[in-house]
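Below is one structure. I have some questions about it.
The values are calculated or read from the model by the stated rules, or taken from the named source; none is laboratory data. A quick note: this is a predicted structure, and the numbers were derived from the prediction, not measured. Neighbour counts run over all protein chains shown; Cβ positions are idealised from the backbone, glycine included. Protein only, heavy atoms only, side chains kept; ligands, DNA and RNA dropped before computing areas. Shrake-Rupley method; radii C 1.70, N 1.55, O 1.52, S 1.80 Å.
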Amino acid sequence: MEFDDSTPLAKELASLSRRRKAVAELDFRKPSRTRVFSVTNQKGGVGKTTTTVNLAAALALNGMRVLVIDLDPQGNASSALGVNIREGGVGIYDVLIGDARLGEVIVPSAENDQLYCAPSSIDLAGAEIELVSLPSREYRLWQAIDSLSQDRETHFDFIFIDCPPSLGLLTVNAFVAAHEVLIPIQCEYYALEGLSQLLKNILLINDQLNPDLCLSAILLTMYDARTRLSEEVADEVRSHFTEETLQAVIPRTVRIAEAPSYGQSVIAYDPGSKGAISYIEAAAELSQREEHHGR
């Protein structure tokens, strides 16, 4: 039986093969100072945690020292990195309320010795209320990261803060602590819904709490090349945010969805898959972008 290399499947396989070879040649740029990203979108189910974990894993795989701060009470980023707090253990909640230093709660991820996590816990769900009465409530995370940065032995090239899908006090802490905002946007109907409010909030943070914060990157996720809708959404996002939108696009794949159930990133779970390659491409592109530093 003769193989038909003109079919859509054959073309896709050929493209994937070329990309597998190309990722080995990608240039990853080590930053001069720690780059701190807040990964946020108040819409749920857009691939926010998946993006946080896999960008971090891709950068760690390519020589960067990376920390993921899991600020979402659901703790999905922690479990996806194989990190879970046992009962009585300390996590990012303890850091926010002042019972622990950030360096005391950081745990290495099993999949890469360059990848670390400051894990979430169920206690974080009540942190929004507890933080209200604390002094400098919006600056708690920034103070923790700033204190950590004074210790040269715990230097990180990249810090990714995985935010809850809301614009509450936890997300405000992430915005104040970060230099850059990365917004994952799914290529589906209503993709841009709520984005204008999110951008307004970033401007408010600029005016009142963190003048150095900027929208650094937008990453298109859950892209399905078989549908016209995905293409239309991608075109619309790129037309509104030409400079900010990364060229790399994350496809909707089974492998990306499966990986967290094994306590792994897709980079470790299936490194040759379309999803893993897409995240490695996005991570390389992100590392090459101009650094944004403040304070």
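Quickly run through segment 220-236 and pick out the residues that are closer than 22 Å to Val53 by Cβ and touching a residue at least 40 places away in the same chain (Cβ under 8 Å).
Matches in segment 220-236: Thr221, Met222.
Quick one: Asp70 ticks every box in (1) at pLDDT below 85; (2) touching an Asp or Glu at 6+ places or on another chain (Cβ under 7 Å) except a single one, so which number is it?
Of the numbered conditions (1) at pLDDT below 85; (2) touching an Asp or Glu at 6+ places or on another chain (Cβ under 7 Å), the odd one out for Asp70 is (1).
For segment 60-133, which helices (runs of 4 or more DSSP H) that fit wholly inside it have 3 or more residues that are touching a Ser or Thr at 6+ places or on another chain (Cβ under 9 Å), of a type in the set (S, T, N, Q) and open to solvent by 50 Å² or more (accessible area, probe 1.4 Å)?
Those helices (runs of 4 or more DSSP H) do not exist here; none qualify.
Counting residues that are closer than 24 Å to Arg33 by Cβ, which helices (runs of 4 or more DSSP H) fully inside segment 243-295 reach at least 2?
Here the list reads 274-288.
Here's something else I'd like to know. Would you mention how many residues in segment 15-42 are under 21 Å from Leu169 (Cα atoms) and either among the acidic types (Asp, Glu) or open to solvent by less than 40 Å² (accessible area, probe 1.4 Å) (or both)? Spell out how you get there, then give the answer.
First pass over segment 15-42, keeping only residues under 21 Å from Leu169 (Cα atoms): 36-42.
Narrowing the set further to residues that are either among the acidic types (Asp, Glu) or open to solvent by less than 40 Å² (accessible area, probe 1.4 Å) (or both) leaves 36-41.
Looking only at that region, the number is 6.
Identify, by number, the condition in (1) without any contact (Cβ under 8 Å) to a residue 60 or more places away in the chain; (2) over 20 Å from the mean Cα position of the chain (by Cα); (3) within 25 Å of Asp157 (Cβ to Cβ) that Arg19 doesn't meet.
All conditions are met except number (1).
Among the candidates Ala282, Ala234, single out the residue that is open to solvent by less than 80 Å² (accessible area, probe 1.4 Å) and closer than 21 Å to Phe160 by Cβ.
Exactly one residue qualifies, and that residue is Ala282.
Same structure, new question: Looking at Leu199, Leu215, Leu192, which is the one that is in a loop (DSSP other than H, G, I, E, B), open to solvent by less than 60 Å² (accessible area, probe 1.4 Å), farther than 21 Å from Gly275 by Cα and not acidic (Asp, Glu)?
Values: Leu199 fails: in a loop (DSSP other than H, G, I, E, B); Leu215 fails: in a loop (DSSP other than H, G, I, E, B).
The unique qualifying residue is Leu192.
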